[in-house]
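Have a look at the structure below before the remarks.
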Amino acid sequence: QVQLVESGGGLVHTGGSLRLSCAASGRTLSDNSMGWFRTAPGKEREFVAASPWNVGRPYYSDSVKGRFIISRDNAKNTVHLQMNNLTPEDTGVYYCAATARYSILNSRSVYDYWGQGTQVTVSS
C-alpha cells in the first residue's frame, strides 16, 4: 500500500506562488511515476503535471506549462509542485497520485494511489 499526503496549499493573490508537497509512505516513490491533478468546483479533475519513475522528461498540461514545475526527492520520498504566477483559474483542490504502471500519465485512470488533496485558492 502507498499513502500520499499533500500539503502546502493556501491562499495567494494573483501572481503569487505556492509550493505543494506530497509525502509518501508504505512504498518508495522511486518505484512510481507521480502525477498532480486538480479539481475546481463544478469541474472534472484535470491533469496538471507528471514525473515518470524512470526520470523521463516531466510533462505538463498546456494551461500550466512554463509556470509549474514538478520535482521529486526520492531520498525523502516526496514529490513537489512549484506553482508560479498563479491566477484565479488555478484555484482548486490539488491531488498527488502515484502509479507503478508503464503508461502515459495524463489520465487519472492510470493512477493507483491518491492523496486527500490540498486546497489552493488564488484571489483576484
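The values are calculated or read from the model by the stated rules, or taken from the named source; none is laboratory data. Predicted model only: the values in this text are computed from it and were never measured. A quick note on method: Cβ atoms are made from the backbone with ideal geometry, for glycine too, and the neighbour counts reach across all protein chains shown. With ligands, DNA and RNA removed, areas are computed over all heavy atoms of the protein, side chains included. Shrake-Rupley method; radii C 1.70, N 1.55, O 1.52, S 1.80 Å.
Residues are listed down the side, and each one gets a yes or a no for (1) at pLDDT 95 or above; (2) among the basic types (Lys, Arg); (3) in contact with a Pro (Cβ under 7 Å, 6 or more places away or on another chain); (4) more than 22 Å from residue 107 (Cβ to Cβ):
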position	(1), (2), (3), (4)
2	no, no, no, no
18	yes, no, no, yes
38	yes, yes, no, no
42	no, no, no, no
57	no, yes, no, no
60	yes, no, no, no
64	yes, no, no, no
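Which one of the conditions (1) open to solvent by 60 Å² or more (accessible area, probe 1.4 Å); (2) among the small types (Gly, Ala, Ser); (3) in contact with a helix residue (DSSP H, G or I) (Cβ under 9 Å, 6 or more places away or on another chain) does residue 66 fail to meet, given that it meets all the rest?
Here residue 66 meets the rest and fails (3).
All but one of (1) assigned to a loop (DSSP other than H, G, I, E, B); (2) open to solvent by 50 Å² or more (accessible area, probe 1.4 Å) hold for residue 56; which doesn't?
The failed condition is (2).
When you look at residue 89, is it open to solvent by 80 Å² or more (accessible area, probe 1.4 Å) and either in contact with a strand residue (DSSP E or B) (Cβ under 6 Å, 6 or more places away or on another chain) or outside any loop (DSSP other than H, G, I, E, B) (or both), yes or no?
Answer is yes for this residue.
Taking the stretch 28-45 only, how many residues are crowded, with 16+ Cβ neighbours inside 10 Å and of a type in the set (Lys, Arg)?
Residues flagged as crowded, with 16+ Cβ neighbours inside 10 Å and of a type in the set (Lys, Arg) within the stretch 28-45 amount to 2.
Answer with yes or no whether residue 12 is in a strand (DSSP E or B), buried (at least 16 other Cβ atoms within 10 Å of the Cβ) and among the β-branched types (Val, Ile, Thr).
Yes.
Rundown of residues vs (1) outside any loop (DSSP other than H, G, I, E, B); (2) free of Cβ contacts under 8 Å to residues at least 60 places away in the same chain, yes/no style:
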residue: 50; (1), (2): yes, yes
residue: 66; (1), (2): no, yes
residue: 69; (1), (2): yes, yes
residue: 85; (1), (2): no, no
residue: 97; (1), (2): yes, no
residue: 116; (1), (2): no, no
residue: 120; (1), (2): yes, no
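Assess whether residue 6 counts as being surrounded by 12 or more Cβ atoms within 10 Å (Cβ to Cβ) and among the acidic types (Asp, Glu).
It is true that residue 6 is surrounded by 12 or more Cβ atoms within 10 Å (Cβ to Cβ) and among the acidic types (Asp, Glu).
Mind listing just one residue for me: the one in the stretch 28-48 that is part of a loop (DSSP other than H, G, I, E, B) and under 20 Å from residue 14 (Cβ atoms) and, of those, nearest to the chain's Cα centre (by Cα)?
If we take residues in the stretch 28-48 being part of a loop (DSSP other than H, G, I, E, B) and under 20 Å from residue 14 (Cβ atoms), then 40 is nearest to the chain's Cα centre (by Cα).
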